[in-house]
Amino acid sequence: MTVPVFRFAPSSNGALHLGHAYSAMLNYRLARKADGRFLLRIEDIDTSRCSPEREQAIYRDLEWLGIEWELPVRRQSDHFEDYRAALDRLEDANLIYPSFMTRGDLRAFIAEAEAEGTLWPRDPDGAPLFPSLDRERSPSERKRLIANGAPFAWRLDIENACAALGHGIDWDEEGAGPQGQTGLIPADPRAWGDVVIARKETPTSYHLAVTVDDAVQGITHVVRGRDLFFATAVHRLIQELMGLPVPRYHHHALIRDLDGRKLSKSQGDTGIAALRQAGATPADIARMVGLDEVT
């Protein structure tokens, strides 16, 4: 009988807030209810924004909440070789390509197209899909640009990847999507276009790292926020392309402020440490996130 394995995977680029507390406590509660394991992963591929000090703050917050995790903690920055190996496999299969358009180039290209009346397609998060210019470059042009030191990112060729797969994919949703979707969910990776799969200086992106990590750690249940519901399609595609095991998914409700906005580190929303210093208790935090009512 397979032992259920859950995980909480925060990024060490800022303080944990109530949304993180809810996700961590829910994962921990579900793991204990299932007599399973609970793992902690530090997602720190963005080495310019993540820091050891912020990582230590995460440990303090989780310990205060009464959460216990297995050691050692998997820190993504220690495992770039795992992502590099996965990236090499995708490159060998001709499923990725170097992309040289900068964010400024992309904005200008799409603005021009829309000024001419083109309704540019967008992904489920509302970002414009990547145009085909870089995908259509010749091998010789790509080599020349790389040799000249042009910065680039690796993008997944979504059409080639879906064609290589040759069949539809889905996932088992035990939570619910933004519109209440549950049960067996058809995955639509094409909705995301040619997503970034790695950077020139970092051999991975969130999509690749999280998929590889879940497989390496033997995660059987991925419990995370509904803001990642549709992105699961990309993760399922990578799993199928690489022959990785498929966990069950549970996308939970997001904790929002009084205006209905999702809590965010970048917006400076009140952190768990600040609430603790103001006199809150772990039981207060559980009540604040409605742990018994919100799933």
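Here, each number is a calculation from the coordinates, and none is a lab measurement. Since the model is a prediction, treat every value here as computed from it, not as a measurement. So basically every Cβ, Gly included, is an ideal-geometry build from the backbone, and we count neighbours across all protein chains shown.
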Note to self: Among (1) without any contact (Cβ under 8 Å) to a residue 60 or more places away in the chain; (2) within 19 Å of the chain's Cα centre (by Cα), there is one condition Arg142 misses while meeting the rest; what is its number?
What the structure shows: (2)
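When region 195-227 is examined, which residues are found to be hydroxyl-bearing (Ser, Thr, Tyr) and within 24 Å of Gly36 (Cβ to Cβ)?
At the first step, the residues of region 195-227 found to be hydroxyl-bearing (Ser, Thr, Tyr) are 202, 204-206, 211, 220.
Once the filter is applied, which keeps residues that are hydroxyl-bearing (Ser, Thr, Tyr) and within 24 Å of Gly36 (Cβ to Cβ), region 195-227 yields Thr211, Thr220.
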Margin query: What pairs come out if I take residues in region 32-53 that are farther than 16 Å from Glu201 by Cα and pair them with residues that are part of a strand (DSSP E or B) and small (Gly, Ala, Ser) whose C-beta lies under 7 Å away, six or more apart or interchain?
Written below: Glu43/Ser11
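For every residue, the table says whether it meets (1) farther than 23 Å from Met25 by Cβ; (2) within 16 Å of the chain's Cα centre (by Cα); (3) of a type in the set (Asp, Glu); (4) crowded, with 21+ Cβ neighbours inside 10 Å.
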{"position": "Gly175", "(1), (2), (3), (4)": "no, no, no, no"}
{"position": "Thr204", "(1), (2), (3), (4)": "yes, yes, no, yes"}
{"position": "Asp227", "(1), (2), (3), (4)": "no, yes, yes, no"}
{"position": "Ile238", "(1), (2), (3), (4)": "yes, yes, no, yes"}
{"position": "His251", "(1), (2), (3), (4)": "no, yes, no, yes"}
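Here is a yes/no grid of residues against (1) within 30 Å of Ala253 (Cα to Cα); (2) among the basic types (Lys, Arg); (3) in contact with a strand residue (DSSP E or B) (Cβ under 7 Å, 6 or more places away or on another chain):
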| position | (1), (2), (3) |
| --- | --- |
| Gly104 | no, no, no |
| Phe109 | no, no, no |
| Pro124 | yes, no, no |
| Arg142 | no, yes, yes |
| Leu145 | no, no, no |
| Gly177 | yes, no, yes |
| Pro186 | yes, no, yes |
Check: Taking Gly14, is it surrounded by fewer than 18 Cβ atoms within 10 Å (Cβ to Cβ) and touching a residue at least 60 places away in the same chain (Cβ under 8 Å)?
Finding: no
Next item on the list: Evaluate region 106-120: report whether one residue or more is in contact with a helix residue (DSSP H, G or I) (Cβ under 8 Å, 6 or more places away or on another chain), surrounded by 15 or more Cβ atoms within 10 Å (Cβ to Cβ), on the phi < 0 side of the Ramachandran plot and among the aliphatic types (A, V, I, L, M).
Entry: no
